[in-house]
Amino acid sequence: MSADHLPEHPDFLWRNPDPKKSYDAVIVGGGGHGLATAYFLAKNHGMTNIAILEKGWLAGGNMARNTTIIRSNYLWDESAAIYEHALKLWEILPEELEYDFLFSQRGVMNLAHTLGDVRESVRRVGANRLNGVDAEWLDPQQVKELCPILNINDNIRYPVMGATYQPRAGIAKHDHVAWAFARKCDELGVDIIQNCEVTGFIKDGNRVTGVKTTRGDINTEKVGLCAAGHSSVLAEMAGFRLPIQSHPLQALVSELHEPVHPTVVMSNHVHVYVSQAHKGELVMGAGVDSYNGYGQRGSFHVIEEQMAAAVELFPIFARAHVLRTWGGIVDTTLDASPIVGLSPVENMFVNCGWGTGGFKGTPAAGLTFAHTIATGAPHKLNKPFALERFETGALIDEHGAAAVAH
Ligand SMILES: Cc1cc2nc3c(=O)[nH]c(=O)nc-3n(C[C@H](O)[C@H](O)[C@H](O)COP(=O)(O)OP(=O)(O)OC[C@H]3O[C@@H](n4cnc5c(N)ncnc54)[C@H](O)[C@@H]3O)c2cc1C
């Protein structure tokens, strides 16, 4: 698709108001999750006197930096339910938001390179089907038919022994998704306030009553945290700790190419995932850097190692040139599942821990988090993802489905 067909420039899509003295609810973080939460608060719960506070520019965090893979083939019932609900929302949102964000259901493959991978993958296909998620197991020849440029020789370092395949999965254009939500939020009366960093919270006992920002104090009855990689920094300001580690995660794009890569291919084993964007760039992601940090850049050796594996899997990539690389800060939990629910502070709610895979969850995160903020109780889909699970031990371990989680 050429740039001529892309929707209009974002300058025209929302106002840039100054913050008011008081709102019914304040959402901290203007990424995809903050925008989706505000949209569903306004649309489903009639809460329109709300503000999204963003320390930088709209959707300039992980929302702008992710590789846009959308799928729902997670192992456990709780995860399949929330991610599949998200996928169903992705399928209807372009019409609902009246914005074509180029959601392309071109299928996602997860390669298996070892006998352990094969066993885990076949088990996951079975579990997915029981949960009504479209899932197939492909042998190497079927993998090759779907993605002819993939090397399936059995003498390579990472032999392809098969793959899971979800036909309804795919990619969307992330900046357009943000603009689509932002425009609807604005239409519904939500104030989107950029360059407004939250620096602290105002509390009455254990109840939050306002936020301190670089543009002055704002009173509010409810606060929803949607700060991804900075979630634990904000929790610390509010007086509680989150079981979150923040890591750099990198990706890169090549220059533009003719269509060569018709689907999305992920290898959890080597932490490489590849798709071809609408304009023609090859989009590739890596695994997380192992150290904790907040600089939005990763180490060269991590991306170099992953690209070496990518070139072995896709020999033709040796002829492509890297156009640019970047990094984001992802918020990981010890069970590779998100935290969406209440916090230890009254009237403060947390949505975080989506780690390396939260783009796909954006619509369901927004819908369930809005329900939680509006009603003070979790939606049935986010109830299992409460913070308390780290005390009760009811963890939802998705490391198998989410090794790199995209
Ligand atoms: C390289 C990379 C590849 C990825 N690939 C995929 C993928 O293919 N598929 C997938 O599903 N997921 C992917 N992810 C993960 C996904 O991007 C995130 O899980 C998701 O974007 C997090 O939600 P968000 O969009 O709201 O986060 P963000 O866009 O990061 O939003 C959080 C916002 O909070 C703001 N903020 C922080 N602190 C403050 C403060 N004190 N005051 C005000 N604002 C504040 C930040 O500036 C930021 O804009 C990837 C991530 C990276 C980095």
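Let me make sure I get this right: for the stretch 90-225, a, b and c are the square roots of the gyration tensor eigenvalues over alpha carbons, sorted descending. Under 1.5 in a/c it's rounded, otherwise prolate if a/b > b/c, else oblate. Which is it?
prolate
With a 1.4 Å probe and all protein chains kept in place, how do His33, His85 rank by accessible area, largest first?
His85, His33
Please give me, ordered by residue number, the chymotrypsin sites (Phe, Trp or Tyr not before Pro) of the stretch 256-297 that lie in loop per DSSP and have at most 14 other Cβ atoms within 10 Å.
Tyr291, Tyr294
Of Val208, His176, Ile152, which is farthest on the positive side of the dipole of the stretch 99-222, counting Cα position, with +1 on Lys and Arg Cβ, -1 on Asp and Glu Cβ, and the Cα centre as origin?
Value computed over the given set: Val208.
Note down the net charge around Gln306, summing +1 for each Lys or Arg and -1 for each Asp or Glu among other residues with Cβ under 12 Å from its Cβ.
-4
Anyone know which of Gly287, Gly358, Gly60 comes out most mobile in the 10 Å Cα GNM of the chain?
Largest GNM mean-square fluctuation: Gly60.
Compute the helix-to-body angle for 300-313: its Cα long axis versus the longest principal axis of the chain, expressed 0 to 90° and rounded to tens.
That works out to roughly 40 degrees.
In terms of solvent-accessible area of protein heavy atoms at a 1.4 angstrom probe, what is the ranking of His399, His174, highest value first?
His399, His174
Arg168 accessible area, nearest 10 Å², 1.4 Å probe?
60 Å²
With charges only on Cβ, +1 for K and R and -1 for D and E, what is the dipole size of the stretch 281-406 about its Cα centre, in debye, rounded to 20?
With only Lys, Arg, Asp and Glu charged at Cβ, the dipole is about 380 debye.
With springs only between Cα atoms under 10 Å apart, run a GNM on the chain and tell me which of Leu111, Leu313, Leu249 wobbles the most.
Its mean-square fluctuation being the largest, the pick is Leu313.
What trypsin sites (Lys or Arg not before Pro) in the stretch 246-355 are in a loop by DSSP, with at most 16 other Cβ atoms within 10 Å of the Cβ?
Lys279, Arg297
Using θ = phi - 60° and the Karplus curve 6.51 cos²θ - 1.76 cosθ + 1.60, what whole-Hz ³J(HN,Hα) does each residue of the stretch 288-298 get, with Gly and Pro shown as x?
6, 5, 7, 7, 7, x, 10, x, 7, 8, x
For the chain, what is the mean residue ellipticity at 222 nm derived from helices alone (per DSSP H run of n ≥ 4: -39500 (n - 2.57); sum divided by total residues; nearest 500 deg cm²/dmol)?
So the calculated ellipticity at 222 nm is -8500 deg cm²/dmol.
Hey, got the dipole for the stretch 148-284? About the Cα centre, +1 on K and R Cβ, -1 on D and E Cβ, debye to the nearest 20?
Approximately 300 debye in magnitude.
Does the chain come out rounded, prolate or oblate, given a ≥ b ≥ c as the square roots of the eigenvalues of its C-alpha gyration tensor, rounded meaning a/c under 1.5 and, failing that, prolate meaning a/b above b/c?
prolate
Going from most exposed to least, what order do Leu395, Leu367 have by accessible area with a 1.4 Å probe?
Leu395, Leu367
Considering only protein heavy atoms, what is the solvent-accessible area of His113 at a probe of 1.4 Å, reported in Å² to the nearest 10?
10 Å²
With charges only on Cβ, +1 for K and R and -1 for D and E, what is the dipole size of the stretch 88-159 about its Cα centre, in debye, rounded to 20?
480 debye
In the chain, if the dipole is taken from +1 on Lys/Arg beta carbons and -1 on Asp/Glu beta carbons about the Cα centre, which of Phe385, His278, Gln306 is farthest to the positive end?
Of the options given, the answer is Phe385.
Give the angle, between 0 and 90 degrees and rounded to the nearest 10, that separates the Cα long axis of helix 115-130 from the longest principal axis of the Cα atoms of the chain.
Approximately 60 degrees, to the nearest ten.
Does the stretch 253-406 classify as rounded, prolate or oblate by the C-alpha gyration tensor (a ≥ b ≥ c root eigenvalues; a/c under 1.5 gives rounded; else a/b over b/c gives prolate, otherwise oblate)?
Cα axes put the stretch 253-406 in the prolate bin.
What is the distance in Å between the Cα centres of the stretch 94-132 and the stretch 34-78?
First find each Cα centre; the distance between them is then 21 Å.
Rounded to the nearest Å, what's the spacing between the alpha carbon centres of the stretch 333-406 and the stretch 235-312? Just the number, please.
Rounded to whole Å, the Cα centres lie 22 Å apart.
The values are calculated or read from the model by the stated rules, or taken from the named source; none is laboratory data. In this text, all values refer to a predicted model and were calculated from it rather than measured experimentally. Neighbour counts run over all protein chains shown; Cβ positions are idealised from the backbone, glycine included. When the accessible area is computed, the model is the full protein with side chains, heavy atoms only, and any ligands, DNA or RNA have been set aside. Shrake-Rupley method; radii C 1.70, N 1.55, O 1.52, S 1.80 Å.
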